[in-house]
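Here is the structure we will look at.
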Amino acid sequence: EVPGYLSDLRSLSGNALIKAIVARQSEIRGDTRRWQQTAGRIDARTSAWEQLKTLIDYAEGLDTLGEVREQCDAIVERRSLLDDPDPVPPLLQKIRSGLRDALTEGAKQVKRAQEIVLAGLQDDTLWRRLTESQRGDLLDRYQLVVQSPPALESDAAIIARLRKTPLASFAQTTRLIEGSLSEVRAEAAKMLEPKTVTVRLSSAVVVRTEEDLDSYLSDLRTRVVRELGKGNPVMLK
C-alpha cells in the first residue's frame with residue numbers, strides 16, 4: 001500500500017519539497033524500514049516458492065500431487081504468499097517427503113524383483129558356465145545390477161534422481177525385471193551355443209483329455225526334432 005503523503009510530495013519541488021520531507025521524515029524512515037523488510041520477505045519466500053514449483057514439475061505420479069497443486073493455486077488466487085504464517089514451507093515439506101518416500105519405495109520394488117531373478121540364476125547350469133564378463137553383460141542388459149539405496153538428503157539430489165528415474169518408470173521397470181529370467185536364460189544359451197534355437201511353448205493351452213495332451217506334446221516334439229535335425233541346440237521357452 002502506497003502512503004498518501006507520497007502523492008503530496010510528488011506535487012512539490014525545491015525548498016517546499018525539502019521542508020515537506022523534513023516534516024515527514026519520521027514517517028518516511030518508518031515506511032522505508034517496512035519496505036525493506038517486505039522486500040526481504042519477498043526474496044526469501046520467492047526462493048522457496050520457486051523451489052516448490054520445481055519439485056512439483058518432477059512429481060508426476062505422486063499421490064499427494066493434486067492436493068499440493070490445489071493449495072498452490074489457492075495461494076496464487078488469494079495472493080497470500082506473504083501471509084503469516086508462511087503457507088509455503090508446509091507444502092514444500094509435504095512434496096519433498098512424498099517424493100523421497102516414493103523414490104525409496106520404488107527402488108525397493110526394483111531391488112526385490114532383481115533379487116528374485118538373481119536367486120533363480122544361482123542354480124542355473126547355463127548361468128554358471130558363463131564367464132564373469134558374459135554374466136556382467138547380461139546383468140547390465142536386463143537391469144539386474146542391484147544399486148545402493150539412493151541418497152536423497154537434498155532437493156538437488158531428489159531432482160537428479162527423478163531426472164534419471166521418473167516415478168512412473170518404477171512399475172514398468174519392476175515388471176520387465178520380474179519377467180526377464182527366461183530371457184536371460186535364453187541369452188545365456190545362445191552365448192554358450194551360438195546356434196541355439198528357441199522353440200516356444202504354447203501359452204494358455206487347455207488340455208481336457210489325454211488325446212489333447214498327446215497332440216500338444218507331439219506338435220512340440222515335431223518342432224524340436226526339426227531343429228535338432230539341423231544340428232541346432234534347442235532352448236524350450
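The values are calculated or read from the model by the stated rules, or taken from the named source; none is laboratory data. This structure is a prediction, so every number in the text was calculated from the model and none was measured. Cβ sites come from the backbone with ideal geometry, for glycine too, and all protein chains shown count toward neighbours. To get the accessible areas, we keep the full protein, side chains included, count just its heavy atoms, and leave off ligands, DNA and RNA. Shrake-Rupley method; radii C 1.70, N 1.55, O 1.52, S 1.80 Å.
Rank these by accessible area, largest first, 1.4 Å probe: Ser180, Ser215. Don't skip to the answer; put the middle values down first.
On the way: Ser180 5, Ser215 75 Å².
Most to least solvent-accessible, the answer reads Ser215, Ser180.
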For Val234, other-chain or 5+-apart residues with amide H closer than 5 Å (H placed, Pro excluded) are Val197
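Over region 117-237, with the other protein chains present, what is the accessible area per residue in square angstrom, probe 1.4 angstrom? Mind showing how you got there, number by number?
Values: 7880 Å² over 121 residues.
For region 117-237, the solvent-accessible area averages 65 Å² per residue.
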Averaged per residue, the 1.4 Å probe accessible area of region 40-86, protein heavy atoms only, in Å², is roughly 67
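Over region 167-237, what percent of the accessible surface lies on carbon and sulfur atoms, probe 1.4 Å? Intermediate values should be presented prior to the final figure.
Numbers: 2440 of 4680 Å².
In region 167-237, the share of accessible area belonging to carbon and sulfur is 52 percent.
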The simple spin-label model distance between Arg129 and Val76, using points 7 Å out along Cα→Cβ, in nm, is 6.2
Expressed as a percent, the accessible surface of region 94-156 that is carbon or sulfur, using a 1.4 Å probe and the full set of protein chains, is 50
Here the gain from full extension of Ala156 to Asp43, 0.36 nm per residue of separation minus their alpha-carbon distance, amounts to 38.7 nm
Pseudo-spin-label distance Ser215 to Leu236, built 7 Å along Cα→Cβ, given in nm, is 2.0
